[in-house]
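A quick write-up on the structure given underneath.
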Amino acid sequence: MASTPVTGDTFTNPVIPGFHPDPSICRAGADYYLACSSFEYFPGVPVFHSRDLVHWTQIGNALDRPSQLRLPPGTPSSGGIYAPTLRYHDGRFWLIVTNVSGDGNLLFTATDPAGPWSDPIRLSQVHGIDPDLAWDDDGACWCTYAGVGQVRIDPHTGETLGAPRRLWSGAPGAKAPEAPHLHRIGDYWYLLIAEGGTERGHAVSIARGHTPTGPFEPCPANPILTHRGTDHPIQNTGHADLVQAPDGSWWMVLLGVRPQGGTPGWHVLGRETFLVPVDWVDGWPVVGELSPVMPAPPWPLRRPADTPRRDDFDTSELAPYWISPRHRSAQDCTTKEQPGRLTLHARGGSLDDTDVTFVGRRQHHLSCRVRALVDTVEGQGGLAVRLDDQHHYDIEASPSDVRVRARVGPLNTVVASRPAASGPVILRIDVTAVRTVKDARTGPDTIALGVEEPDGTFVELASLDGRYLSTEVAGGFTGRVIGMFASAGSVHFDWFDYEPLEDLEDLEDLEDLED
């Protein structure tokens, strides 16, 4: 993924842009590790590493084998893997997640967070999403989950030890108390939760007690972070986790969205991971101001190499940022059949099918350009911007023509086409964020789909409104994924290029637009 821009003494939020929700963080020595939800995509649970909390590099996916992640063909969009908790305890890394599409709560361990991770330990008697892990001074392991309930478990077997109990569940009557994280800090155990739902009412609240089982006293300043009821450029703030830096300072990671355009605001990249500092006053956390441009932490920033924008498919395995809906078999997706090419063999006949052969990467930027050199002499396929099975825009090539297709809920139509030229073709998608809100109905961006000629000229076949590939239209918990698909026969891709089209100045312009 692209590194977070840093200018002088500032950095820009989000620190992990694009569809990276429900962040959970831990520290081992001088190293930070973070995991996110992945829903219906395989491989699941992306894992990131950082040395400075600002720059993050994806080092793998925790669930990268079918024995760890079962997502049947009927798994709905926004099903699958919910809200991990990542912890470092007793020299090992521990990851607990919920697979809402069949296997329930699962626990994994690893000595190296880059993998391999173990096969799952099933927690069949733990009922509730967003499970958390915490160990007390006696070594007992407590699993706290949405609701908010709690039960002691044996993390080596998955067995429950004793009866579950109800804990504190936030403000009376508040929607969706979830995402609990239990931390021992000083003399107290702090129970951090999300409430208000993961939409515009999202908030972070906290309570404290002298034992991990409570009773818990709510913070008098709750919610300690929310942007509900404001025109702040970062919305839906919640589902937070805490980490302490080696210098003793405290930081919070959380999810948020960046709505664009008119009313009600359309977010298309999904829920992203943001960073904000935390101070402690009278035994309670006070969260700093969360904004698109933030003061940098008081230590040297360690910017890693950016993810290459172009993939020439010259390695035997795909990079960890490539994901596919529900599963990805080596028979249907391979770089070994024709070295230097990605070959996709069609299963489903279109992006509407739950078993389609599709490989994509998360859209990280509000504006971007995606190009691929496609050979369809043996089949039919192309590029797609996918939000879910029923909301996607595709440009599809075959030996006879190139066509643009739009799927928006029950509407499914070819909106443009042209005859195919002989030989491979460069397909291109340009996503351009709005810079001027013309009226309340202005969408967040436009998506232009077309063909690039050998001299670089872009022949646009269609320009479509991006709001129809937004969460506010489609619903759900995911964000856009842009990638390659095969709808018939075999399709070969020589290369794939993802080019960001905005820089720090563009992001500041967008912030000014919201002010």
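A few remarks follow.
- Within segment 141-152, being open to solvent by less than 10 Å² (accessible area, probe 1.4 Å) and not in a loop (DSSP other than H, G, I, E, B) holds for Cys141, Cys143, Thr144, Gly149, Gln150, Val151.
- Out of Asp138, Asp130, sole residue that is at positive phi and either open to solvent by 30 Å² or more (accessible area, probe 1.4 Å) or modelled with pLDDT of 95 or more (or both): Asp130
- Selection within segment 463-488 - of a type in the set (A, V, I, L, M, F, W, C), part of a strand (DSSP E or B) and buried (at least 19 other Cβ atoms within 10 Å of the Cβ): Leu464, Val481, Ile482, Met484, Phe485, Ala486
- The strands (runs of 3 or more DSSP E) located wholly in segment 202-321 that include 3 or more residues which are over 21 Å from Phe19 (Cβ atoms), touching an Asp or Glu at 6+ places or on another chain (Cβ under 9 Å) and open to solvent by less than 10 Å² (accessible area, probe 1.4 Å) occupy 203-209.
- Some residue of segment 43-64 being over 30 Å from Ala296 (Cα atoms) and either hydroxyl-bearing (Ser, Thr, Tyr) or touching a His at 6+ places or on another chain (Cβ under 9 Å) (or both): no
- Residue within segment 257-268 that is touching a strand residue (DSSP E or B) at 6+ places or on another chain (Cβ under 8 Å), within 22 Å of Val148 (Cβ to Cβ) and modelled with pLDDT of 95 or more present: no
- For the condition on the phi > 0 side of the Ramachandran plot, over 12 Å from the mean Cα position of the chain (by Cα) and surrounded by fewer than 21 Cβ atoms within 10 Å (Cβ to Cβ), Gly60 qualifies.
Quick grid of which residues meet (1) open to solvent by less than 10 Å² (accessible area, probe 1.4 Å); (2) under 25 Å from Gln235 (Cα atoms); (3) among the hydroxyl-bearing types (Ser, Thr, Tyr); (4) under 17 Å from the mean Cα position of the chain (by Cα):
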site: Asn13; (1), (2), (3), (4): yes, yes, no, yes
site: Ile16; (1), (2), (3), (4): yes, yes, no, yes
site: Pro23; (1), (2), (3), (4): yes, yes, no, yes
site: Cys36; (1), (2), (3), (4): yes, yes, no, yes
site: Pro46; (1), (2), (3), (4): yes, yes, no, yes
site: Arg51; (1), (2), (3), (4): no, no, no, no
site: Thr75; (1), (2), (3), (4): yes, no, yes, no
site: Tyr82; (1), (2), (3), (4): no, yes, yes, yes
site: Arg92; (1), (2), (3), (4): no, no, no, no
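- Applying the condition of being outside any loop (DSSP other than H, G, I, E, B), in contact (Cβ under 8 Å) with a residue 60 or more places away in the chain and of a type outside the set (Asp, Glu) to segment 409-450 and asking which residue is surrounded by the most Cβ atoms within 10 Å (Cβ to Cβ) yields Leu449.
- Residue count for segment 17-50 under the criterion of being of a type in the set (D, E, K, R) and closer than 18 Å to Ala240 by Cα: the result is 2.
- Options Asp394, Asp353; residue that is of a type in the set (Asp, Glu) and either surrounded by 19 or more Cβ atoms within 10 Å (Cβ to Cβ) or in contact (Cβ under 8 Å) with a residue 60 or more places away in the chain (or both): Asp394
The values are calculated or read from the model by the stated rules, or taken from the named source; none is laboratory data. Since the model is a prediction, treat every value here as computed from it, not as a measurement. Quick reminder, even Gly has a Cβ in these numbers, built from the backbone with ideal geometry, and neighbours come from all protein chains shown. Remember, those area values only see protein heavy atoms, side chains included, never the ligands or the DNA or RNA. Shrake-Rupley method; radii C 1.70, N 1.55, O 1.52, S 1.80 Å.
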